[in-house]
Ligand SMILES: [Zn+2]
């Protein structure tokens, strides 16, 4: 079976390639105004890369360098953090209720049974640690890999220690000596501590990323509104 000759001139695609328009340079990433943007770390200006990400030294989210263009930059990281934050809050609130309820006079563990309550805490807190907190665990791992220990190294260690200890306490409480057991015979767990750390750090990151966008928004307002309406 032979392939039929392709009538180049009949096709717009080929005509563009073979005609006068072929002298025009093909569209490259450089034609995209955002492609030239270099992302840099506010603390480490020597870090410069063409794509968003986190600083390999301090773990902070990189920001676009240069003067604001008047267009509000799309920030996929902020959207991602907000999604992880809301999932984290929704799952952490019941964990907090299960963990702190008895201290506030709410006998929730009596209603559910302590073992079931501990399992429930584990099931609710685990996605908070490994979904909502994944970005911090990843940054923590990078910090250990590169040797640049930072805030995310501590967060990763703390959160994983709290979660790991608690999982062993639920799944294999017999490995702990009797001194670790409470009056109810169960080993104490720290799921709520790990989950709350993740949610609060996410909130801090969202506020930080929002604060970086704020000057761009003000600059945009300056372009749209006359100065006498701004002040
Ligand atoms: Zn940095």
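The values are calculated or read from the model by the stated rules, or taken from the named source; none is laboratory data. All of these numbers come straight from a predicted model, not from anything done at the bench. For neighbour counting, all protein chains shown are included, and Cβ atoms are generated from backbone atoms with ideal geometry for every residue, glycine included.
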**Fill in**
Residues in the stretch 146-157 that are modelled with pLDDT of 95 or more and surrounded by fewer than 17 Cβ atoms within 10 Å (Cβ to Cβ) total 2
**Message:** Of everything in the stretch 76-99, what is surrounded by fewer than 19 Cβ atoms within 10 Å (Cβ to Cβ), touching a residue at least 60 places away in the same chain (Cβ under 8 Å) and under 12 Å from residue 205 (Cβ atoms)? Give them in sequence order.
**Reply:** 77, 78, 82
**Request:** Filter the stretch 41-52 for residues that are more than 10 Å from the ligand (Cβ to nearest atom) and loosely packed, with under 15 Cβ neighbours inside 10 Å and give the result.
**Result:** 48, 49, 50, 51
**Prompt:** What helices (runs of 4 or more DSSP H) lie completely within the stretch 1-113 and have 1 or more residues being at pLDDT 85 or above?
**Reply:** 76-100, 108-112
**Asked** Is one or more of the residues making up the stretch 107-129 touching a strand residue (DSSP E or B) at 6+ places or on another chain (Cβ under 8 Å) and closer than 30 Å to residue 53 by Cα?
**Response** no
**Prompt:** From 199, 189, which residue is in the same structural domain as residue 109 (by TED's automatic domain parsing) and outside any helix (DSSP H, G or I)?
**Reply:** 189
**Asked** Picking from 134, 163, 119, which residue would you name as being loosely packed, with under 15 Cβ neighbours inside 10 Å, more than 15 Å from the chain's Cα centre (by Cα) and either closer than 27 Å to residue 204 by Cβ or assigned by TED's automatic domain parsing to the domain that holds residue 198 (or both)?
**Response** 119
